[in-house]
Amino acid sequence: MIPILFIITIIAFLFVHLTPGDPIRIMYGAEIDQETYEQMREREGFNDPLVVQYGRYMYNMAIQGDFGQSYRTRSDVSEEVLRRFGYTFILTILSMFWAILIGVTVGIISATKRNSILDRLGMISTITALSIPEFWFGLMMMQIFAVQFGWFPTSGSGTWLHLILPSLTLGFGVAATIVRFTRSSVLEVLREDYVRTARAKGQKESVVIWSHVLRNALIPVVTMAGLQFGFLIGGAVVVEQVFAWPGLGSYLIDGILTRDYPVIQALILLFSFQFLLINLLVDISYGFLNPQIRYE
Amino acid sequence: MTMTKNILDIKDLTINFKSDGKEISVVDGISFHIKAGETLGVVGESGCGKSVTSLSIMGLIPSPPGRVAGGTIEFEGKNLLDFKEKDMRKVRGNDISMIFQEPMTSLNPVFTIGKQINEVLLLHNDMNQTEARNRSIEMLKLVGIPRPEQIYSNYPYQLSGGMRQRVMIAIGLACQPKLLIADEPTTALDVTIQAQILNLMQDLKEKTDTSIMFITHDLGVVAEMCDRVVVMYSGQVVEETDVDTLFNDPKHPYTLGLLGSIPKATEKIERLYSIRGQVPQAGTVEKGCRFADRCDKVMDRCREEDPPLFQMKQGHQCRCWLYAED
């Protein structure tokens, strides 16, 4: 994990510094004269070779634990990240909760009632959900449930009600993927000999499905759901912007718009770290689902 | 007639499967019975309908595409085909249980052995976890598993194929069923383990007095295990007799062919006999005997008319025009 993170720091650094656009110009525009501009460039160290700049960045981060200050607000990036992390965390977790709840349930129904109207309906919905861009889906949700019915606030944060629409919007696409995955996995397991054994014991069909089949069918679904977390982090950036949710996503967008290098670098690194961490957790969770892995 | 009653009595059972919009009879009007305490061998090549027949007794035919299209399956005088799913569940694993061909895949990989035996015990008996556990360990001991307490908490992947089949037998016999259906239980095992499992089944049968329907394509196994034999070919019963007659005085050319293809240790032969051709696909034979194309003794009549079952002597029937009296 450490070597991967190291490579990511290089990529993130190069990506940010080689992007066209100058943070100082963007921030002050034409308000400052050439001399002040040069001074500011010198102060931020932009005139040093990239390698030196990278070295300084790594030294500050790895040794001092300092992620730098935002060019724009002059506040500590790490403080701001910590403040906003909770918002994004609860949003992604809740989205994943919806995604798994909807995805696994609909997937099982689709598989057990294969080729029925329910199954067809489920499959059509998943294609639709996968094809709709999140920002548009979010706006539609807002239009219907917030503006028309007035059940939820349109945007912002504060109460748990603010969370419902953004998390549903974000979870929907992932739910669709999980539906398809669960369906094919359950269909595969249903053909296994041990399912026939369970039925031959006189076990109820519901227990056969929810215990014998599901425990086996979920193993690949868990992997996929873990990988989808990466997608969720990306999606959160868009959804947070749509719903004005004060999480990391909107911070990142602001950062990119103003070429706020320390902010962008810190967030790319954080997102990558989250992704790696989730993959690790997925690997560990195998042990609970598959006894063979637990012992080996 | 003997006085023992029939535990299972199948009459004119027809099972159809739908494929490409057409319904095909995979099992075509078969009748046979199993007496209490008896072991009946059901012999035939792959695809002759023997496994489908056994699944239909359990009410486990995958439907769709399959369905029982006619006939009756009487178990202790009651037609199982009239049973509702809920009542059928009380029969499965309790009165009739089944062990399968593939011990490697027949146990659920994510549950312990103990849990899988407990499951059937708890479903059909009024017992608590501790009682179930004790009974499960007792069953493991009964089927000759060493260190049963340890195996109880093992997972299937930690056991060999032979051991897993013993576990399957333990599950099958846990509720003391009246009928055990064994669908090629030793086919997937190597020969030494095969012999052990067969001995075990013979042993347990004597102890528990369970009737067994033993499905196999191995006539050696039949000789060792069975009292009577039903030979199936392409969805029909072609010969039914006791096991002595099967080996000493077989009638149907198909049975003769099967017996002829067993290598004998006492003879040196250049080339082992085999029945030429292949089993016709279900539903492809339109008229005449289904075995006609492969038969050494085929006559003109065989290609025209489907032979009925002819009564040979007491308890011996054969579906072949050779034995027509007219």
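The values are calculated or read from the model by the stated rules, or taken from the named source; none is laboratory data. All values reported here derive from a predicted model rather than from experimental measurement. For neighbour counting, all protein chains shown are included, and Cβ atoms are generated from backbone atoms with ideal geometry for every residue, glycine included.
Tell me the helices (runs of 4 or more DSSP H) entirely within the stretch A:246-296 that contain at least 1 residues that are within 14 Å of chain B (Cβ to nearest Cβ).
So the answer is A:261-289, A:291-295.
Condition (residue is more than 30 Å from B:Leu173 (Cα to Cα) and within 14 Å of another protein chain (Cβ to nearest Cβ)) applied to the stretch A:222-238: is it met by at least one residue? Quick ask: steps written out before the conclusion?
Residues of the stretch A:222-238 more than 30 Å from B:Leu173 (Cα to Cα): A:222-238.
Now drop any that are not within 14 Å of another protein chain (Cβ to nearest Cβ), which leaves A:222.
Among the residues of the stretch A:222-238, at least one is more than 30 Å from B:Leu173 (Cα to Cα) and within 14 Å of another protein chain (Cβ to nearest Cβ), which makes the answer yes.
For the stretch B:257-289, a tally of residues being surrounded by 12 or more Cβ atoms within 10 Å (Cβ to Cβ) and more than 12 Å from B:Trp321 (Cα to Cα) returns 13. Condition check for B:Met163 on (1) modelled with pLDDT under 90; (2) assigned by TED's automatic domain parsing to the domain that holds B:Asn16; (3) in contact with a Pro (Cβ under 9 Å, 6 or more places away or on another chain): one failure, at (2).
The requirement of being farther than 25 Å from A:Arg199 by Cα, surrounded by fewer than 17 Cβ atoms within 10 Å (Cβ to Cβ) and not assigned by TED's automatic domain parsing to the domain that holds B:Pro148 is fulfilled somewhere in the stretch B:204-212, by at least one residue. Among residues of the stretch B:175-197 being crowded, with 21+ Cβ neighbours inside 10 Å and without any contact (Cβ under 8 Å) to a residue 60 or more places away in the chain, the one that is nearest to B:Val43 (Cα to Cα) is B:Thr186. The set of residues in the stretch B:153-168 that are away from chain A (no Cβ under 14 Å) and part of a helix (DSSP H, G or I) comprises B:Gly162, B:Met163, B:Arg166. Taking the numbered list (1) at pLDDT 75 or above; (2) closer than 28 Å to B:Thr14 by Cβ; (3) of a type outside the set (Val, Ile, Thr) in turn, B:Gln281 passes all entries but (1). Out of the stretch B:83-123, which residues are more than 8 Å from chain A (Cβ to nearest Cβ), within 30 Å of B:Asp218 (Cα to Cα) and outside any helix (DSSP H, G or I)? Answer for the stretch B:83-123, where residues must be more than 8 Å from chain A (Cβ to nearest Cβ), within 30 Å of B:Asp218 (Cα to Cα) and outside any helix (DSSP H, G or I): B:Asp95, B:Ile96, B:Ile99, B:Gln101. With respect to (1) buried (at least 20 other Cβ atoms within 10 Å of the Cβ); (2) in a loop (DSSP other than H, G, I, E, B); (3) more than 10 Å from every other protein chain (Cβ to nearest Cβ); (4) not β-branched (Val, Ile, Thr), the lone exception for B:Ser56 is condition (2). All conditions but one from (1) under 27 Å from A:Ser250 (Cβ atoms); (2) touching a His at 6+ places or on another chain (Cβ under 8 Å) apply to A:Leu50; the one that does not is (1). All conditions in (1) surrounded by fewer than 19 Cβ atoms within 10 Å (Cβ to Cβ); (2) under 30 Å from A:Arg114 (Cα atoms) hold for B:Lys5, with the sole exception of (2). Of the candidates A:Arg72, A:Arg83, A:Arg120, the single residue that is part of a loop (DSSP other than H, G, I, E, B) and either closer than 18 Å to A:Val263 by Cβ or assigned by TED's automatic domain parsing to the domain that holds A:Ala175 (or both) is A:Arg72.
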